[in-house]
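Only one structure is covered here, and it is reproduced in the block below.
The values are calculated or read from the model by the stated rules, or taken from the named source; none is laboratory data. Since the model is a prediction, treat every value here as computed from it, not as a measurement. Backbone-built Cβ (ideal geometry, glycine too); neighbour counts: all protein chains shown. Note: accessible area is taken over every heavy atom of the protein model, side chains too, but ligands, DNA and RNA are not part of it. Shrake-Rupley method; radii C 1.70, N 1.55, O 1.52, S 1.80 Å.
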Amino acid sequence: MNVLSIVIPAYNEERGIAQIIERTLAIRPRLQEVGVDMELLVVDDGSRDRTAEIATRYPGVRLIRHTVNQGYGAALKTGFNHARGNLLGFLDADGTYPPEYFPELCQVALQEEADLVIGSRMSGAESEMPLVRRVGNILFAGLVTILGNHRVRDSASGMRVIRREVLSRLYPLPDGLNFTPVMSTRAIHEQVRMREVAIPYKERVGRSKLNALRDGVRFLRTIIWTALNYNPVRVLGLAGLGLGGIAGLIGAVIVGMRLSGITRLGPWGVVAVFVAALSAVAGVTLFSLGATFNYLVSLFHKQPIRQGLFGNPVFDRPLERHFGWMGLVAMAAGLVLGAGSLGFALGGWPMERLWLYLLGAAMLVLTGLQLSVFWVIMRVLEELNQREILVNRDLEGRPCME
């Protein structure tokens, strides 16, 4: 029979720990109906109140204690290390999550062969989540969805069921409250089979340990950093495209002004040109760096190179495959534009009519050089990535006739 080990991390939760233990122990018969037995572990994370004392009153509970507070994620990992089940579940000790939904989560895990089942607070079930946290969770779920190209409704839910064998793919995970959003981000990029089940959510018993601003910034930072470890171009490439869009918009406005006969720019116009130039160079740099880092990540993991900003080819091949000819064309266009501007200057044109063209020429040459250099770097990294495959192919030889 499958065994679900439910881990409850607890830090100074004397007001709510008894209730959540009793509610969790009460679901054993319903779990057995879906073919799952249960063990319950409470990890006391260095509490200074009566949390551990209360937990010891229940014979059906295994109590594990940290001598000092180590954090939410650390407590969960300790529980997983001591658990005996092939299925691992967890929920908070404050009564916000309903243990009564564990049978449904287990049923989805077993029937749909899911590796990670998330109790989603954002899928339409009754919720008492405060507005600030609800907005934050929507934003974080949207960010995880964009960076992972996989729809996630609740990236930070603290009620989940996981198959033990996928832990090695999800680790390492942080020790703090950002444990769950990092797990969601890793699960997507590791192609773990995920499902979400709608659950109700209640306001916690006692004071929340979550600081919306501090922990929100931590969630944001670790989600982005985790995605960078798997698909850097997804993060840097989107930033680069955004900067490129700004540069293109400003450039179109300035060209339109020139065509309409406006040849002089005021202070704000000069600032706009500066922003456009900076955005163009920075955009190309970030996009190119993201694509290059993808090759490095693939080389490190010894996996096929993840290409394309959105996981699909751009044109007939990923965009970075075109950097070579794009760079040469940009440099050639810049040199032609620069030479033409110089010719007009020698012909008597005033500099106030030519400086914008000279700036454009310099930008084209610089961006073209960047694209060409990154194209060379990526081709070298691609060969290194393929080296082991090519060596094995040469050692094995090809079919032939004697």
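Can you give the longest stretch of the chain with no exposed loop site, where a site means chymotrypsin sites (Phe, Trp or Tyr not before Pro) in a DSSP loop (not H, G, I, E or B) with at most 15 other C-beta atoms within 10 Å?
On the way: sites that count: PHE310, PHE315.
Looking at the chain, 1-309 is the longest stretch - no exposed chymotrypsin sites (Phe, Trp or Tyr not before Pro) with at most 15 other Cβ atoms within 10 Å.
If you place +1 on the Cβ of every Lys and Arg, -1 on the Cβ of every Asp and Glu, and leave all else neutral, what size is the dipole of the chain about its Cα centre, to the nearest 20 Debye?
Values: 42 positive and 35 negative charges, 149 e Å.
Using only the charged Cβ atoms, the result is roughly 720 debye.
Per-residue HN-Hα couplings for segment 266-272, Karplus 6.51 cos²θ - 1.76 cosθ + 1.60 at θ = phi - 60°, whole Hz, x for Gly and Pro? My calculation for segment 266-272 gives x, x, 5, x, 5, 4, 4 Hz in order.
Short version: what are the Cα gyration tensor semi-axes of the chain, square root of 5 times each eigenvalue, largest first, in whole Å?
Gyration-tensor ellipsoid for the chain: 54, 28, 16 Å.
Per-residue Karplus couplings for segment 227-235, computed as 6.51 cos²θ - 1.76 cosθ + 1.60 with θ equal to phi - 60°, are listed in order as 4, 4, 6, 10, 9, x, 5, 5, 8 Hz, Gly and Pro entered as x. For LYS77, the solvent-accessible surface computed with a 1.4 Å probe is close to 40 Å², ligands and nucleic acids excluded. Highest GNM mean-square fluctuation among GLY343, GLY327, GLY240, for the chain modelled with Cα contacts below 10 Å: GLY343.
Against the criterion of solvent-accessible heavy-atom surface with a 1.4 angstrom probe, HIS82, HIS66 sort, most first, into HIS82, HIS66. Between GLY340, GLY136, GLY256, the GNM of the chain built on Cα springs shorter than 10 angstrom shows GLY256 fluctuating the most.
Per-residue 3J(HN,Hα) values for segment 35-48, derived from phi via the Karplus relation 6.51 cos²θ - 1.76 cosθ + 1.60 with θ = phi - 60°, read x, 10, 8, 9, 10, 10, 10, 10, 9, 7, 8, x, 4, 9 Hz in sequence order (x marks Gly and Pro).
Here the translational diffusion coefficient of segment 216-271 follows from Stokes-Einstein with Rh set to the Kirkwood radius across Cα pairs; for 10 °C and 1.306 mPa s it amounts to 113 µm²/s. Pairwise Cα distances in segment 1-142 exceed 20 Å in 49 percent of cases.
For the chain, what is the accessible area per residue in Å², given a 1.4 Å probe and the full set of protein chains? Before the final figure, lay out the partial values.
Values: 20520 Å² over 402 residues.
The answer is 51 Å² per residue.
Note on the chain: with a GNM built from Cα contacts shorter than 10 Å, the maximum mean-square fluctuation among GLU196, GLU113, GLU383 falls on GLU383.
Relative to the current alpha-carbon distance between ARG23 and ARG57, full extension at 0.36 nm per residue lengthens the span by 10.8 nm.
Taking amide H as placed 1.01 Å from N in the peptide plane, GLU39 has its amide H under 5 Å from the amide H of LEU4, SER5, ILE6, each at least 5 places away in sequence or on another chain. Scanning residues 5 or more positions from SER120 or on other chains, those with amide H under 5 Å from its amide H are VAL197, ALA198, ILE199, with H placed 1.01 Å from N in the peptide plane. Using 0.36 nm per residue and subtracting the Cα-Cα separation, the extra length available between MET257 and GLU165 on full extension is 26.9 nm.
At 1.4 Å probe size, with the rest of the protein present, what percent of the exposed accessible area of the chain is carbon and sulfur atoms? Write down the numbers at each step before the final one.
Numbers: 12720 of 20520 Å².
Ligands and nucleic acids excluded, carbon and sulfur reach 62 percent.
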